[in-house]
1. Any residue in region 152-172 that is open to solvent by 80 Å² or more (accessible area, probe 1.4 Å) and of a type in the set (S, T, N, Q)?
2. From the residues in region 117-151 that are part of a helix (DSSP H, G or I) and of a type in the set (V, I, T), which one is most open to solvent (accessible area, probe 1.4 Å)?
3. Could you figure out which of (1) more than 23 Å from the chain's Cα centre (by Cα); (2) over 27 Å from V246 (Cα atoms) isn't true of V154?
4. Anything in region 228-272 that is part of a strand (DSSP E or B) and free of Cβ contacts under 8 Å to residues at least 12 places away in the same chain? List them, or say none.
5. When you go through (1) part of a helix (DSSP H, G or I); (2) closer than 30 Å to N199 by Cα one by one for V154, which number turns out not to apply?
6. Report, by residue number, each residue of region 197-220 that is surrounded by fewer than 17 Cβ atoms within 10 Å (Cβ to Cβ) and closer than 20 Å to V147 by Cα.
7. Q236 - would you say it is open to solvent by less than 30 Å² (accessible area, probe 1.4 Å), more than 15 Å from T160 (Cβ to Cβ) and not hydroxyl-bearing (S, T, Y)?
8. Could you list all residues from region 173-184 that are open to solvent by 30 Å² or more (accessible area, probe 1.4 Å) and not in a helix (DSSP H, G or I)?
Amino acid sequence: MEIVAFIVTILCLSSLSSGETGSQESDSKTQPEDSGNSTLIQNDEEERTERGDGMLIEPEPTSPVSDMDNNYNYVLTRLAAMDQAIHRLNVGHYTLDVKVTQLLERISRLDNKLTEMEDSLQQVSLFSKENRKEIGRLEGCQKGRRVGYKCFMVYRVYATYADAAQKCLERGGRMAMPRDRKEQEALAEYVRAVFQPGNWPVWLGINDLRSEGLYLFEDTTRVTYFQWRKHFLSSQPDGGKRENCVAMSSDDGDWWDNYCDRRMYYLCEFEA
């Protein structure tokens with residue numbers, strides 16, 4: 001029995017020694033793993049950052065940017081550039097609109113000034129015509145021949161009957177209209193003195209343009225006194241419907257009918 005007990009004791013001791021040895025081996029095997037874990041923990045603590053209140057903030061995990069994110073960012077960038085371009089266009093449009101409005105206002109003011117200028121020019125033209133008429137009247141009475149309440153003036157400028165009538169009106173008078181023997185004789189004497197010793201016909205304000213044989217003055221009143229040339233070779237009027245305007249010969253004061261388009265000197269009369 002003692003021997004059996006001894007053997008059992010030895011076996012127990014050997015099992016205990018083997019257990020210690022196994023525990024030491026296991027401790028030696030697990031020791032490197034513990035050191036690796038402590039290194040990872042230390043790195044994690046170093047990657048943390050402190051906030052203002054002293055608490056640590058875990059860094060956000062990073063992930064690679066995908067192609068969709070790149071396209072999305074590109075589209076956003078282009079949209080932002082387009083928005084800026086549209087803003088610049090709006091600013092330019094507003095500036096242009098302001099300038100156009102200012103230009104229209106200036107054009108309106110200029111148009112008003114032009115209207116005022118046209119009115120002034122019309123007034124000046126009217127005054128000029130009135131002055132020309134007054135000057136013509138004064139000239140006719142100073143340089144021409146005064147007969148009663150009329151002044152007669154010979155103009156040694158060639159003109160048709162219509163042109164002569166217009167020029168007399170522009171000078172403030174009318175073509176000469178001798179209404180009776182007294183005026184006719186005074187007018188004949190004046191014309192003879194102007195053209196002596198030659199013989200030059202001059203237009204009078206008499207015609208039968210409205211009706212053949214019905215002679216009217218320029219003021220449309222009917223002629224009641226005539227001084228037609230009477231001669232056995234040529235008795236006036238003899239032109240019929242071809243010669244409808246009357247002229248006075250300067251040598252004897254007789255009247256002749258002539259073509260109205262013929263160019264000759266003319267007589268004007270003015271109120272004295």
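The values are calculated or read from the model by the stated rules, or taken from the named source; none is laboratory data. As the structure is a prediction and not an experimental result, all values here were calculated from the model. Cβ atoms come from the backbone with ideal geometry, glycine included; neighbour counts cover every protein chain shown. SASA here: full protein model, heavy atoms, side chains in, ligands and nucleic acids out. Shrake-Rupley method; radii C 1.70, N 1.55, O 1.52, S 1.80 Å.
1. Yes: region 152-172 contains one or more residues that are open to solvent by 80 Å² or more (accessible area, probe 1.4 Å) and of a type in the set (S, T, N, Q).
2. Ranking the qualifying residues of region 117-151, first place goes to I135.
3. (2)
4. none
5. (1)
6. Hit for region 197-220 is D219, nothing else.
7. Yes; evaluated as a whole, the condition is true for this residue.
8. R174, R179, D180
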